[in-house]
1. What's the total number of residues in region 151-180 that are among the charged types (D, E, K, R) and in contact (Cβ under 8 Å) with a residue 60 or more places away in the chain?
2. Could you list all residues from region 25-64 that are acidic (Asp, Glu) and assigned to a helix (DSSP H, G or I)?
3. Taking region 32-56 only, how many residues are hydroxyl-bearing (Ser, Thr, Tyr) and over 12 Å from the mean Cα position of the chain (by Cα)?
4. Of all helices (runs of 4 or more DSSP H) completely enclosed by region 86-180, which ones contain at least 3 residues that are at pLDDT 90 or above and buried (at least 19 other Cβ atoms within 10 Å of the Cβ)?
5. Quick check: is even one residue across region 2-14 at pLDDT 90 or above, of a type in the set (A, V, I, L, M), within 15 Å of the chain's Cα centre (by Cα) and surrounded by 23 or more Cβ atoms within 10 Å (Cβ to Cβ)?
6. Mind checking which residues of region 65-79 are surrounded by 13 or more Cβ atoms within 10 Å (Cβ to Cβ) and either assigned to a helix (DSSP H, G or I) or of a type outside the set (Gly, Ala, Ser) (or both)?
7. Of the residues that make up region 14-22, is at least one outside any loop (DSSP other than H, G, I, E, B) and either of a type in the set (Lys, Arg) or within 22 Å of residue 133 (Cβ to Cβ) (or both)?
8. What number of residues within region 145-172 are touching an Asp or Glu at 6+ places or on another chain (Cβ under 9 Å), under 18 Å from residue 64 (Cβ atoms) and of a type in the set (Asp, Glu)?
Amino acid sequence: MDDLRSDIETADGLTILAEHPGHYVIAAWGAVAIVRWMRQADGPAMKRVHESFAPVVKAHPRGVSFVHLVEADAGLPDAGARRALAEMMVSFAETTVGVGVLLMGNGFWASAMQSLLTGMRLVAPPRPWTMRFASRTSELSDWLPHVHEQRTKQRIDRAELEAVLNSVLAYASQRRAANG
């Protein structure tokens, strides 16, 4: 199935920017850019994420926080995705506030994913953004608002953020079920 341009706005202010049902959903909520990975990230998908997030970054010059919600079955990003992610990290380095990664699994896969992303962060341009790994949306919702407000002076409500992250998870699951 081809990538779909959605631009669907939900009642909680979440905008679904693009999706490929069963693979990824790209969304934005104000100055928070979110992607849910249901399958392995590949080069074309990561480039689509970059393209979709570019207007969000442009609209929020004081800073954008990024959240990746990654299912355990997604696997590690392939080489093309890692190259595209490195390009995105360079492109958005000046405006990135924080990056939260929800790993919806544990064991070797989670350790490998965390090591891979930490390694990419270490070789990215030195900038004042931080990265946090979590296993629940509540952990990201407890961490991200403070980091975001500290750097941008823009408040993010913790409960609203958690509701939005859970909305993205639910939306992606519903779309995957509807598309078999």
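1. 5
2. Residues of region 25-64 acidic (Asp, Glu): 42, 51.
Result: 51, single match.
3. Total meeting the criteria: 0.
4. 137-152, 158-178
5. Of region 2-14, the ones at pLDDT 90 or above are 14.
Then drop every residue that is not of a type in the set (A, V, I, L, M), which leaves 14.
Restricting the remaining residues to those that are within 15 Å of the chain's Cα centre (by Cα) gives 14.
If we keep only those that are surrounded by 23 or more Cβ atoms within 10 Å (Cβ to Cβ) as well, we get none.
No: region 2-14 contains no residue that is at pLDDT 90 or above, of a type in the set (A, V, I, L, M), within 15 Å of the chain's Cα centre (by Cα) and surrounded by 23 or more Cβ atoms within 10 Å (Cβ to Cβ).
6. Matches in region 65-79: 66, 67, 68, 69, 70, 71, 72, 74, 76, 77, 78.
7. no
8. 1
The values are calculated or read from the model by the stated rules, or taken from the named source; none is laboratory data. All of these numbers come straight from a predicted model, not from anything done at the bench. Every residue, glycine among them, receives a Cβ derived from its backbone with ideal geometry; neighbour counts consider all protein chains shown.
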